[in-house]
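Take a look at the structure below.
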Amino acid sequence: MYQVSERVKKQFEYTMSIPCVKEAMKFIQDDERNTIEEQKELVLIEAPTREEEKRAAVMMEKFKALGLENVHIDRGGNVVGLRRGSGKGPKVLIEGHLDTVFPFGTVHGVEERDGFLYAPGIGDDTRALAMLLGLLRALNQNEIKTFGDIVFVATTREEGMGGLGGMKDFLNDNDDIDISLTIDNNDMSALIFEATSGETYEVNFYGIGGHAFGSFGEMAQPIHAAARAVAKIADFTVPSDPKTSFCVSNFHGGTAAGVHAIASQATIKFNFRSNSPEELAKLRTKIFDAIEEACREETEKWGKDEITWDKNLISQVPGGTQDSHTPLVESAWLGLKSLDIEPVFHKGGCTNANVAVSKGIPSICLGRAFAPDENRKNIMNHSVHEKFPITDSYKAVQQAFMVLMMAAGIDGETNSVVEGK
Ligand SMILES: [Zn+2]
């Protein structure tokens with residue numbers, strides 16, 4: 001049974017009893033339609049990874065209209081705005097990502113039907129952007145002055161090859177962030193505080209290359225070396241806890257015309273991940289040892305030339321571990337309980353929160369939607385059939401609001417729940 005510390009529980013109960021907080025919780029429920037309409041508006045502004053400018057410009061105007069200070073687009077393309085607190089508290093980041101996995105021309109409209117919104121990107125992570133705006137309205141309308149400053153950020157390049165790039169840039173440029181909140185999960189019941197680290201590499205195998213028959217026996221074969229390497233990797237075993245994975249995702253060699261040629265080059269790409277940075281490091285060593293051994297075996301078989309190899313790191317997701325009893329996790333747990341939602345402890349995670357966790361910044365990833373049953377959990381993000389469950393979706397905003405209030409504290413009432421911040 002998960003037990004929340006007395007200190008966090010007391011602060012949560014007190015925070016939720018403060019009149020402006022209570023009013024803001026009610027406001028968020030009444031404001032649901034506005035958040036949904038803004039979500040529908042934003043999803044139509046397409047924002048493939050690295051091409052987020054148009055959506056960023058709209059978010060910038062919306063941040064300004066909601067009174068944020070120093071609203072600007074930073075060198076990473078992120079939209080940044082400040083909501084000042086008492087000046088004595090921590091600096092709390094809350095962010096959602098601008099980019100979607102879809103190229104331009106994918107979104108043809110947004111449909112509202114049977115309690116769902118349908119459009120590619122409607123949840124991931126357009127909803128988070130709408131939630132940031134909803135949170136700002138709730139803070140402004142109820143004149144909430146926080147103890148800590150809150151930095152609202154719409155980040156770029158979270159998805160795919162973007163590799164959490166916007167968040168990496170932002171945290172590299174802003175080393176004064178004390179607490180980081182990410183909104184980027186389908187289901188608000190999940191408590192995501194672990195950060196799965198992972199790496200994706202391209203490895204090239206090189207040889208002389210020649211005729212399949214005429215040169216046979218005179219040279220080692222790069223494709224065969226690559227195949228030996230893949231076969232070795234395929235036989236690896238890794239722990240299931242902490243969850244660790246590996247996958248050779250690409251295998252290329254030769255040309256269409258070269259069906260009777262010993263190719264001079266072969267290329268593989270692979271991804272490996274772990275909820276434990278130590279396991280990740282072990283696995284990395286094993287993989288590159290296997291590649292080295294495969295090249296040596298292929299070279300020794302023929303003894304005529306040498307298979308060489310090189311590697312390129314395509315993307316790297318930093319990670320790390322946090323305890324399940326950090327004040328943020330406990331606050332999120334209490335928030336869900338107060339909404340009658342059973343918290344689910346999620347194993348691992350791969351969101352912008354990883355960047356914060358890897359830097360030792362207390363962090364949690366929050367959900368976008370209230371999804372109590374299977375039908376509503378299956379929102380098919382990263383698919384063109386993506387949908388978002390509307391009914392009671394305000395609860396996700398309330399949850400983010402509660403965690404934000406615990407993180408930032410309220411001027412004259414509470415400090416941040418994260419001690420020492
Ligand atoms: Zn996302």
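The values are calculated or read from the model by the stated rules, or taken from the named source; none is laboratory data. These numbers were taken from a predicted model, which means no experiment stands behind them. Note that each Cβ is placed from the backbone with ideal geometry, even for glycine, and that neighbours are counted across all protein chains shown. With ligands, DNA and RNA removed, areas are computed over all heavy atoms of the protein, side chains included. Shrake-Rupley method; radii C 1.70, N 1.55, O 1.52, S 1.80 Å.
Below is a table of values for the structure above.
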| quantity | calculated |
| --- | --- |
| With Cα atoms, 0 to 90° folded angle of helix 19-30 axis to the chain main axis | 60 degrees |
| Lysine pairs meeting the criterion (Cα under 19 Å, 8 or more apart or interchain), as found in the stretch 197-317 | 12 |
| Nearest-ten-degree value, helix 126-141 long axis tilted from longest Cα axis of the chain | 20 degrees |
| Between helix 327-338 and the chain: long-axis angle, C-alpha atoms, 0 to 90°, nearest 10 | 60 degrees |
| Cα Rg over Rh - the stretch 253-358, Kirkwood | 1.23 |
| For the chain, fraction of C-alpha pairs farther apart than 35 Å, in % | 35 percent |
| Accessible area per residue, Å², the stretch 329-376 with all protein chains present, probe 1.4 Å | 36 Å² |
| Reach of residue 91 by Cα under 20 Å, taken over lysines that are not fewer than 8 positions away in the same chain | 64, 145, 168, 359, 421 |
| Total formal charge among the other residues, if their Cβ is under 11 angstrom from that of residue 368, Lys/Arg +1 and Asp/Glu -1 | -2 |
| Protection-proxy order for peptides 392-405, 171-184, each taking the mean of Cβ atoms within 10 Å per residue, highest first | 392-405, 171-184 |
| Whole-percent carbon and sulfur share, accessible surface of the chain, 1.4 Å | 49 percent |
| Debye log10 I(q)/I(0) for the stretch 1-116, one point scatterer per Cα, at q = 0.10, 0.12 Å⁻¹ | -0.49, -0.68 |
| Computed helical MRE - 222 nm, the chain, DSSP H runs ≥ 4 contributing -39500 (n - 2.57), nearest 500 | -11000 deg cm²/dmol |
| Total formal charge among the other residues, if their Cβ is under 14 angstrom from that of residue 54, Lys/Arg +1 and Asp/Glu -1 | -4 |
| The stretch 274-368, dipole about Cα centre (Lys/Arg Cβ +1, Asp/Glu Cβ -1), debye to the nearest 20 | 380 debye |
| log₁₀ of I(q)/I(0) at q = 0.14, 0.18, 0.20, 0.28 Å⁻¹ - the stretch 166-208, Debye sum with one point per alpha carbon | -0.60, -0.81, -0.92, -1.14 |
| Assigned charges on the beta-carbon of Lys, Arg, Asp, Glu; the chain dipole about Cα centre (debye) | 260 debye |
| Residues of the stretch 197-317: accessible area per residue with a 1.4 Å probe, Å² | 52 Å² |
| Inter-part distance where the stretch 90-141 and the stretch 51-73 are each reduced to a Cα centre, Å | 14 Å |
| Surface accessible to a 1.4 Å probe, residue 26 within the full protein complex, Å² | 110 Å² |
